[in-house]
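Okay, structure first, notes after.
The values are calculated or read from the model by the stated rules, or taken from the named source; none is laboratory data. Keep in mind the model is a prediction, meaning the values are calculated, not measured. All Cβ positions, glycine included, derive from the backbone under ideal geometry; neighbour counts span all protein chains shown.
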Amino acid sequence: MPAAFGEPADEDAYDLLDVRSDASAEEIKKAWRRLARDRHPDTVAGGPEAKAAATERFQRLNAAYTVLTRDRAAYDAHRRSVREAAAEDAGEDGPAPTVEEVVDDPWDAASPGAPGAPPAPGREADPWDSAAPGAPPPPTYLPPHRHPPPPRSPFPYVPPSPTHQAAPPRRRKVVSRLGIGCAVLWAGFWFLVAGATLLSAVLDDKPSAEVAVPAALAGTWKGKATDRGAEHSEWDVELTLEEGKKDGEIRYLHGKCAGTAVPLTFSDRTLTVRTDFSDDASACDVGDMHLTRRKGGKADLVYYDSGKKTKSAIGVLYRE
C-alpha cells in the first residue's frame, strides 16, 4: 500500500486480508475479523520476538482493513494507475512506427498544353478558348429601398395619466430587498430542519436495549471462550448485566477490548446480547453472545457464525 493509505508500503491490502479485489464489504469484514481473532498478539505463545512479530502482523491487518473500508475507491484508483503505468513502461520498446511510402505524382512532371491546340481525341473543342475579351457590362442600377410611411391614427395623441406611471426607483429597491430577505429566511428554516433530522439520525444510531434482562442473568460473569476453528484460540470474557431493560458492559482480553452489551432477545432461558465497540476497537467484535443460565452459578456462552447455524466459539462463565 502507498504511504498515503497507511503502512506497509510494499504490500497489497487485498492480499493481506486474503480476499479478491472484487470482494464485498461484508466479505472483507468477515476476513478481517477471522484474521484479527486468530492472529491477535495476546493469543500467540512465545517470547518477545514472537510477540513483536505478531503485533506487526496485526497492525498490517488493521491498516489494510482501514484502507478498504474508508478509502477503497481512492485505493483502487491508485492501484489501477500503478498497473497501467507498469504496462506502459513494458510497451515502450515495442515495434517501430511504420514509415509512410512516398509515391511520385505523375502530374508533377506534366507540362501544360499550348493555347489554341486542337483538343485531344474524343474531347470536344471549348468555344471560350478562341473568344476575344470585350468591355465589361455596366453595373445594374438598383434603386434604394424605402419603407412606406406608417398610417396616421385617426385619434389625437393623449399623454399617459400620472396614475399609470411606474413606481419610483426607491420603492422598487425596498420591495426587492424584502423579497431577498424572505428567501434567505425560508432557506435558513429548511437548513435547520435538515440539520435537526441529520442530528437525530446520528444520535439514534447508537444501539439500545430491546429486552429486559431477567434477575437470574443479572450481575458480573467471568470466564473464557474457545474458538472452535483449527487453532482453538482462547480469550477472557467479562460480562456485566443489570436487571431490566438496560445496556451492560463487555470486556475481552483483560479489559483491552471494552464495549457495550446490548440485550436483544430472551427466549427459552437464553439471552442474546449484541456487543458494540468503538470504531478504533472494532476488531474486538467477535459476534453476538448467547447466554444460558445453568445450575451452580454458571452460564453457557455460545457464538454462532454469520448463518447462525454453526457454533463458532463456546465457553463457560461464572457469576461473581
Fill in: Qualifying residues in segment 288-320 (those that are assigned to a loop (DSSP other than H, G, I, E, B) and at pLDDT 85 or above) - the one surrounded by the most Cβ atoms within 10 Å (Cβ to Cβ)
288
Worksheet item: Which residue, of 219, 229, 255, is of a type outside the set (Lys, Arg), at pLDDT 85 or above and assigned by TED's automatic domain parsing to the domain that holds residue 297?
Response: 219
Worksheet, complete the sentence: Counted residues in segment 276-291 being without any contact (Cβ under 8 Å) to a residue 24 or more places away in the chain and over 27 Å from the mean Cα position of the chain (by Cα) come to 1
Discussion item. Suppose we keep only residues that are of a type in the set (D, E, K, R) and surrounded by fewer than 18 Cβ atoms within 10 Å (Cβ to Cβ) within segment 263-287. Which one would you say is nearest to residue 63 (Cα to Cα)?
Written reply: 280
Practice prompt. Check 213, 174, 202 and return the single one that is over 26 Å from the mean Cα position of the chain (by Cα) and at pLDDT below 75.
Written response: 174
Worksheet item: Taking only pairs six or more apart or across chains, which ones have beta-carbon atoms under 6 Å, a first residue in segment 14-36 that is within 18 Å of residue 305 (Cβ to Cβ), and a second residue that is loosely packed, with under 11 Cβ neighbours inside 10 Å and of a type in the set (A, V, I, L, M, F, W, C)?
Response: none
